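A short write-up of the structure that comes next.
Where a number appears in this text, it was derived from the coordinates with a stated rule and is not lab data. What you are looking at is a predicted structure, and each value in this text was computed from that prediction instead of being measured. Don't worry about glycine lacking a Cβ; one is built from the backbone with ideal geometry, like all the others, and counts go over all protein chains shown.
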Amino acid sequence: MKQAITGTIILALFIAVVNLYPRYQKKYEPPLRLHRLPPTLALEIMSVGNKELMAEIIFYNTEFYFGEKVGWREETPELRRLYDALNKATDLDPYNIDCYYFAQGALSWVKPAIPYLNRLLEKGLKHRTWDWYLPFFLSANYYFQLKQPVKAAEYLKLASRLNPRSSLFATLTARMFYEGNETEAGIAYLRSLIKDTQNPLLRKRLAKRLKALEAIRYLELALEKYESKYKQKAKSLGDLVKAGLIESIPPDPYGGKFYLTKDGKVYTTSKLAEGWQKKKNDPDKN
Amino acid sequence: MGKADNIRSFLSITLATVKGGVRDRLYQGIGLVGIFFIFSTGIFSSFSMRQPVEVAINYSLSIIQVISALVTLFLGLNLISSEIDSKASHPVLTQPISRSLYLLGKFGGFTALIGITIVLLGFFSYLGVWLTMAGMKNPPDISWMNFMISIAGSFEACLVLGAVIILFTSFATSAILPFLLSCAVYAIGQSTQSVIRYIESGMAKGQLSPGLKAIVKGAYYIFPNFALFDFKVQAIYSLRTPAKLFGVSAVYALIYVSLALFMATVVFSKRDLP
């Protein structure tokens, strides 16, 4: 009897502690950081012959960090550190598509990160010679961010050669290189990515970007209507509301405000970007 | 003693060693690990974004490598050291058989035990990967042949490590020294190739003195190069495994084992036993 009472008390205390500690943990939690990894050679030695597993564990670490930072804490992730980690993981296992895929999902919206991201993807392309995803990603980065359509076309051609059955390339090629509308091409690209992405957090981020591009396209179409109706270009987005072409200016999902540049393009104060910090040192150096 | 007697003695020592391993409940332990394997493979690979099957194979083969190395270490250390400590080897060694035959018989038993261990682990890991694939709509093509080659690579590595442990136990008076030396050899043997490649790539220019470079190069040739037995990347991504490379690794293992066992028999034959 005595034993049963003691056992019940300990169990009750255990349940209480298990329910209480997350509250305190959350209250006193230190800031979430993605720590700098040791050099690749050290990581390889530490893996004791399991460098592919080490690469996947590094990827998991960055994935969980990103998930907690962005999805749970709703903070801006340290994308520079994230790139460093994925770069080292792909040095250990250059075939690991998880790393390339995640890098594209997290970094391709940040213009200063693009040269680094492209270098990472090109490393992958050297090894995964059969994988159409990598040239597809490179093509998008060259087209949308670096504004190099010729280079983008080369990679898109390679992607379509590696996956000739996909109708996606025809749609994208048409949008990118013939119809000449970057926003529509971006929308087509994002829709294809969303369709193919299983990770809920990445899907959410892609959907956010798609929503922003759709808002931009909505404004661009209204601007075209304005021009054909009044035979002159609108001076501001407010003109579209005044002319009754749109009810209101849609909100920017990134928290910025849409505005019209002097050359008549729709831009946003948020620049649709977050999280990349410039650093003096070259991240490729171990 | 005739040739037939030698073979009979060798086989009886081998069989006794295998029985000893079974008596020590080695395979019950492996069975438990196997159950862990089957369930954990799917959980571990579920966090992958684009390559869950590849991650399942990666995880399985890495776990096989780690567990088989640990089993080799503990099995190898118990082969001779503990028997000498407990004087269990005395009835055998007082028989009209040579010490080298005793050592080779022990290694034969060890080979059988580690072989069965790896086959069992391979079977459990196959189940784990298969279960991961079973839940998928379009699982990727897997090269099971590469999977088996990679497991065979782990077996080769264990044989080399086992021979090195026997060499150390042949002269050591306690189990601690061979344990520490074997761990060191395993760690060094796993990394010499990476270090040599790093040096040769020119990235270490100016960082290392010529003397240190010579030491690293020496270590590369003296210590077993375990990277040669690593065929995981080919198995994970279904890349072509050149038959020649596997052949070279098998020949290397055979020669290294022969050399280590030869040295062990020489030392053990001259050793004064308590």
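Lys/Arg Cβ at +1, Asp/Glu Cβ at -1, dipole of chain B taken about the Cα centre: which of B:GLY122, B:TYR102, B:ILE84 is farthest positive-ward?
Positive-most Cα among the choices belongs to B:TYR102.
Which helices count as membrane-span-like in chain B under these terms: full DSSP H, at least 27 Å along the axis by C-alpha, Kyte-Doolittle mean of -0.5 or more?
B:3-23, B:26-45, B:52-85, B:99-134, B:144-171, B:176-200, B:243-270
List the extent of the Cα atoms of chain B along each of their three principal axes, largest first, rounded to whole Å.
The Cα atoms of chain B stretch 63, 51, 32 Å along their principal axes.
Which one of B:PHE262, B:SER194, A:TYR116 has its Cα pushed farthest toward the positive end of the charge dipole of the protein assembly as shown, where Lys and Arg give +1 and Asp and Glu give -1 at the Cβ?
Value computed over the given set: A:TYR116.
For the stretch B:122-245, what number of Lys pairs, 8 or more residues apart or on separate chains, have alpha-carbon atoms under 29 Å from each other?
7
How large is the dipole of the protein assembly as shown about the Cα centre if only Lys and Arg carry +1 and Asp and Glu carry -1, each at its Cβ, rounded to the nearest 20 debye?
1100 debye
Chain A: longest stretch without exposed chymotrypsin sites (Phe, Trp or Tyr not before Pro) (DSSP loop, at most 10 other Cβ within 10 Å), sites themselves excluded?
Within chain A, the longest run free of exposed chymotrypsin sites (Phe, Trp or Tyr not before Pro) spans A:131-286.
Take B:MET136, B:MET203 and order them by how many other Cβ atoms sit within 10 Å, fewest up front.
With the fewest neighbours first, B:MET136, B:MET203 line up as B:MET136, B:MET203.
How big is the Kirkwood radius of the stretch A:31-129, worked out from every pair of different alpha carbons and given in Å to one decimal?
Every distinct Cα pair counted, the radius reaches 13.6 Å.
Of A:ALA89, A:LEU125, A:LEU32, which is farthest along the charge dipole of the stretch A:31-129 in the positive direction, counting Lys and Arg as +1 and Asp and Glu as -1 at C-beta?
Farthest along the dipole direction, towards plus: A:LEU125.
Within 10 Å of each candidate Cβ there may be at most 15 other Cβ atoms; applying that plus a DSSP loop requirement, which GluC sites (Glu not before Pro) in the stretch A:61-163 survive?
Taking the stretch A:61-163 and a limit of 15 other Cβ atoms within 10 Å, the loop GluC sites (Glu not before Pro) found are A:GLU74, A:GLU75.
What dipole magnitude, in Debye to the nearest 20, does the stretch B:169-274 give about its Cα centre under +1 on Lys/Arg Cβ and -1 on Asp/Glu Cβ?
260 debye
Which distance in Å, rounded to a whole number, links the C-alpha centroids of the stretch A:188-223 and the stretch B:216-274?
54 Å
Among B:PRO139, B:PRO52, B:PRO178, which one moves the most in a GNM of chain B with springs linking Cα atoms closer than 10 Å?
Evaluated over chain B, the most mobile residue of the options is B:PRO139.
Calculate, axis by axis, the spread of Cα positions in the stretch B:132-274 along the three principal axes, and write the results as whole Å, longest axis first.
On the principal axes, the stretch B:132-274 reaches 64, 45, 28 Å in Cα extent.
List the pairs from A:LYS211/A:LYS231; B:LYS19/B:LYS270; A:LYS111/A:LYS204 whose alpha-carbon separation is above 24 Å, in the order I gave them.
The answer is A:LYS211/A:LYS231; B:LYS19/B:LYS270.
Name the residue, out of B:ALA112, B:ALA184, B:ALA243, whose mean-square fluctuation peaks in a Gaussian network model built on chain B with Cα pairs under 10 Å.
B:ALA243
When a/c is below 1.5 the answer is rounded, else prolate if a/b is larger than b/c, else oblate, so apply that to chain A with a ≥ b ≥ c taken from the square roots of the Cα gyration tensor eigenvalues. Working shown, then result.
On the way: a/c = 2.42, a/b = 1.44, b/c = 1.68.
Oblate is the answer for chain A, as a/c is 1.5 or above yet b/c matches or exceeds a/b.
Compute the convex hull volume of the Cα atoms of the protein assembly as shown, divide it by the residue count, and report the result per residue in Å³ as a whole number.
Value for the protein assembly as shown: 232 Å³ per residue.
Kirkwood Rh, Cα Rg: Rg to Rh for the stretch B:213-272?
Working: Rg = 15.8 Å, Rh = 13.9 Å.
Result: Rg/Rh = 1.14.
Which of B:SER194, B:SER45, A:SER248 comes first, and how do the rest follow, when ranked by fewest Cβ neighbours within 10 Å?
Details: B:SER194 19, B:SER45 24, A:SER248 8.
Final ranking by Cβ density, sparse to dense: A:SER248, B:SER194, B:SER45.
Where in chain B lies the longest segment free of trypsin sites (Lys or Arg not before Pro) that are both loop residues by DSSP (not H, G, I, E, B) and have at most 16 other Cβ atoms within 10 Å?
Result for the longest clean stretch: B:138-204.
Calculate, for B:PHE36 and B:ALA214, the FRET efficiency according to 1/(1 + (r/R0)^6) with r their C-beta to C-beta distance and R0 30 Å; round to the nearest 0.05.
0.10
Longer than 31 Å from Cα to Cα, which of A:LYS27/A:LYS195; A:LYS147/A:LYS257; A:LYS69/A:LYS157; A:LYS208/A:LYS242 are they? Say none if no pair is.
Numbers: A:LYS27/A:LYS195 38 Å; A:LYS147/A:LYS257 24 Å; A:LYS69/A:LYS157 37 Å; A:LYS208/A:LYS242 28 Å.
From A:LYS27/A:LYS195; A:LYS147/A:LYS257; A:LYS69/A:LYS157; A:LYS208/A:LYS242, over 31 Å: A:LYS27/A:LYS195; A:LYS69/A:LYS157.
So how far, in whole Å, is the C-alpha centre of the stretch A:1-56 from the one of the stretch B:37-57?
21 Å
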